[in-house]
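Quick notes on the structure that follows.
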């Protein structure tokens, strides 16, 4: 996983809120899928650092956290 202080050039329109994020605020993430990468950021602060991982690692994380 890579943490980038200055975000990759991901168009703002590519970001979507995770279905695991609730509507009451709190812990919310946004995800942008690009060729060969998945970018993750805090939905409440789009200027925060962006985590970048491989699609395979992202899928693995989702299977670990699935209800």
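The values are calculated or read from the model by the stated rules, or taken from the named source; none is laboratory data. Keep in mind the model is a prediction, meaning the values are calculated, not measured.
For residue 31, the criteria (1) at pLDDT below 80; (2) in a strand (DSSP E or B) hold in every case but one, which is (1). Checking 25, 36 one by one, the residue that is at pLDDT below 85 and at positive phi is 25 and no other.
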